[in-house]
Every structure is written in structure tokens, then in C-alpha cells.
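Heads up, the thing below is written out as C-alpha cells.
What follows is calculated from the coordinates using simple rules that are stated; it is not laboratory data. These numbers come from a predicted model, not from an experiment. Positions of Cβ are backbone-derived with ideal geometry, glycine not excepted, and every protein chain shown enters the neighbour counts.
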Amino acid sequence: MDQANREGREGREGREGGESRNGSGDTGDPMAGRIARFADVRRRGIPLMFIDSALPGHRRMNYALVGDTASENPDYDPIITAPHGFQIGMVRARPGNGPAYHTHRYVESFLILSGRWRFYWGSDPDPARFEGETTLGPWDYVSLPPDLYRGFEVAPDETEEAWLFAVLEEHRAFASRDPIWSPTVEAQAAAQGFRADATGRMVPPADYDAVRRRLVEDLDGDA
């Protein structure tokens, strides 16, 4: 069994069983499992959360705090497992890197924590035909509506890696394709051996573990 599916199965079994290291079981403490310390978050980064994650210009470390945050990789492991009406994640990336062109069927919003991030969007799935863009800095916030294609990246002229905080509407994991990628992005990912099935679950290539190790080393990540 490959690592993505093995880790995902173990994580899901823990969550579905009602008990986890995050305190989702009945401990008698109403705050059990409801505190996410940044040191713990950093240790649980996911370098291959999406099929675009290994593509040049789109390499980043994703972190799940609440919910799946649109993950295509079943090894996502949120810090807080209690049910919420929203989902929260974080992203760390280097200049010129960030999620490729995609959309969702629900609202996706971001608070910039550090650095400057360029967002671009449009109604056409071709990223070359985007219709608008803006650059945001620390504490700026953007809300992206459903079905609008978007991509974003740490501004290429930044000199250090940057962070942002993501808040998504609640949605079911692996119920359908999500994210919905530009066909251009899907073709680029497929050329690297990455694709998602009809449920939106990553189908990892044979060299998944090796790619993951290289990304962790490249990002100096914490996964």
C-alpha cells in the first residue's frame, strides 16, 4: 500500500473511531482537542496535498487545522477534529510559488499572514486568460466566490517565504472532484504522474514517496 493511501486510511480510521490524539473522544474536558499550537502545526505539513504540488511554481507546504481544506491527498490530518461549520488551513510558500489555477463549488477566503501574495482570477479555465488580479499584504483579506477560477502565489519579487491563513465553507471530503482544476493544470500534473479520480482523491504515482522526500527537502518542510 502506498504511503498516501496508507496514512490516509490510518488517519480516517482514527477520526471515524471517535478517538484521536487531538482529543475528539469524550474526555470530559469541553476544550479537549480544541487548541492548535503553531509548533504542532508546523510539524504536520503536507507537501503533496494536491496534484499540482510537485509542479514548478506551485510547490508549497499545506497545513490542515480544521477539516480537509479541499485536500486531494487522504493523508491530511487536521489538528482539530471536532466538527465545525467551516474549514481552516494554512499555506507556506516561497516567492513565485502557490496554488495553480482552479475553482471550488464553495467560498474560499484568505488572510495574508506574511509577505505579499498575488491573486489572479477569471471565468475562463485557461489561466492565460485571467481577467483580474491584485497583490495583498499582511492582514489583507480576500474572499473568492464559488465557480470563479483563481490562482495565487507569493509575489515573485519577495525575498523570503510567506504564509497565509485559509477559511473555507464546510464541504464533504472526496465526494466529487475538488479542487476543479484548469485542464492546463491537469495536463501538467499528469505529465508528472499525478491525477485525481472521480471522487477528488489523489492517485499517487509509483515514485510518490521519492517525490515527497524531495519536496520536503526543497521546502525545508516539517512533514
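Quick look at the values:
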quantity	calculated
Those residues of the range 133-176 which are within 18 Å of the chain's Cα centre (by Cα), surrounded by 16 or more Cβ atoms within 10 Å (Cβ to Cβ) and not in a strand (DSSP E or B), in sequence order	GLU161, HIS171, ALA173, PHE174
Strands (runs of 3 or more DSSP E) lying entirely in the range 18-122 (those with 3 or more residues that are free of Cβ contacts under 8 Å to residues at least 40 places away in the same chain and among the basic types (Lys, Arg))	none
Within the range 177-195, considering residues that are among the polar types (S, T, N, Q) and out of contact with any Phe, Trp or Tyr (no Cβ under 8 Å at 6 or more places or on another chain), the one surrounded by the most Cβ atoms within 10 Å (Cβ to Cβ)	GLN188
Test: ALA166 is of a type in the set (A, V, I, L, M, F, W, C), closer than 16 Å to ALA64 by Cβ and out of contact with any strand residue (DSSP E or B) (no Cβ under 6 Å at 6 or more places or on another chain)	no
Condition met for TRP121 (touching a Leu at 6+ places or on another chain (Cβ under 7 Å), buried (at least 18 other Cβ atoms within 10 Å of the Cβ) and hydrophobic (A, V, I, L, M, F, W, C))	yes
Unmet requirement for ILE180, which otherwise passes all of (1) without any contact (Cβ under 8 Å) to a residue 24 or more places away in the chain; (2) in contact with a Ser or Thr (Cβ under 9 Å, 6 or more places away or on another chain)	(1)
In the range 92-139, residue farthest from LEU65 (Cα to Cα) [restricted to those that are in contact with a helix residue (DSSP H, G or I) (Cβ under 9 Å, 6 or more places away or on another chain) and among the aromatic types (Phe, Trp, Tyr)]	TYR120
Subset tally (residues that are buried (at least 16 other Cβ atoms within 10 Å of the Cβ) and basic (Lys, Arg)) for the range 196-223	2
Filtered residues of the range 49-74 (kept if crowded, with 24+ Cβ neighbours inside 10 Å and over 21 Å from ARG150 (Cβ atoms))	none
